[in-house]
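Colleague: The following block contains the structure, expressed as structure tokens.
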Amino acid sequence: MSKSDVEIKMSGLFHDKSHEDAKSVVCDGDLKAEVDATQKCTVTSADGQTWMTTAKVTKVDGDAPNYDIEFSDKFVSPDDIATNVATFYSNKVGTAPKSASCNGLLRGATGSTVRCVITEADATRWGVTVTATNVEGDTVNYNILVDDQPMA
């Protein structure tokens, strides 16, 4: 698979994991159509963070490799964060929100942040800041802080 094809595929895989488009993807070279073959890439997210990633071939169908994306840094997916934000909000106010959504990956580095939005049943929206506090093994721990005022 050519370098440019790997970059396009890596961009799509990054979007699937983060729910946001990559600003850019640069890979070191082509990816061989062999199980366990790898190619290193640098993905720059919409907010300018760089993510070191590796494309690793998991299966080959004919000449087309299927592969997964591996990140050098620990992270929490936006879906996992949104689930925990909704639970946090429910526990805090006693009512489940209509929805909770987050975009972007929360890097497992102290001080990294992701913004989320909680929508109540009456359509009132609240901003939420999720901040990584530390990493223990494969677990990224974080705090959740709901804004003092609803969003305009």
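Read-outs: derived from the displayed coordinates by stated rules, not from any lab. Everything numeric in this text was worked out from a predicted model, so none of it was measured. Heads up, the Cβs are rebuilt from the backbone with ideal geometry, glycines too, and the neighbour counts pull from every protein chain shown.
Colleague: Just want to confirm a number: the relative contact order over the chain, from Cα pairs under 8 angstrom separated by 6+ residues, in percent.
Modeller: Over the chain, the number comes to 14 percent.
Colleague: Right, something else. Using amide H atoms built 1.01 Å from N in the peptide plane, name the residues 5+ places from VAL60, or on other chains, whose amide H lies under 5 Å from its own.
Modeller: For VAL60, whose amide H was placed from the backbone, the distant partners under 5 Å are ASN66.
Colleague: Pairs to check: LYS17/LYS98; LYS23/LYS92; LYS9/LYS74; LYS3/LYS23. Give those whose C-alpha atoms are more than 25 Å from each other in this structure.
Modeller: Over 25 Å Cα-Cα: LYS23/LYS92.
Colleague: So, one more: Limiting things to C-alpha atoms, what are the Rg and the maximum Cα-Cα separation (Dmax) for segment 97-152, in angstroms?
Modeller: Taking only Cα atoms of segment 97-152, I get Rg and Dmax of 12.6, 40 Å.
Colleague: Something else about it: Rank by packing, highest mean first: peptides 34-46, 77-89, 121-133, with packing defined as the count of other Cβ atoms within 10 Å averaged across residues.
Modeller: 77-89, 34-46, 121-133
Colleague: When all alpha-carbon pairs of segment 52-152 are counted, what percent fall beyond 17 Å?
Modeller: It works out to 57 percent of all Cα pairs.
Colleague: Same structure again: Which ³J(HN,Hα) values, rounded to whole Hz and listed in residue order, are derived for segment 80-91 from phi using the Karplus coefficients 6.51, -1.76 and 1.60 in 6.51 cos²θ - 1.76 cosθ + 1.60 with θ = phi - 60°, glycine and proline given as x?
Modeller: 5, 4, 4, 4, 5, 5, 4, 5, 4, 4, 4, 5
Colleague: Okay, next question. When a footprinting reagent is the concern and you count Cβ atoms within 10 Å, what order do LYS17, LYS32 take, fewest first?
Modeller: LYS32, LYS17
Colleague: Considering only the other residues whose Cβ falls under 15 Å of the Cβ of ASP36, what net charge follows from Lys and Arg at +1 and Asp and Glu at -1?
Modeller: +1
Colleague: Okay, next question. Assuming a viscosity of 1.567 mPa s and a temperature of 4 °C, what translational diffusion coefficient in µm² per second does Stokes-Einstein assign to segment 1-124, Rh being the Kirkwood radius over Cα pairs?
Modeller: Answer, rounded: 81 µm²/s.
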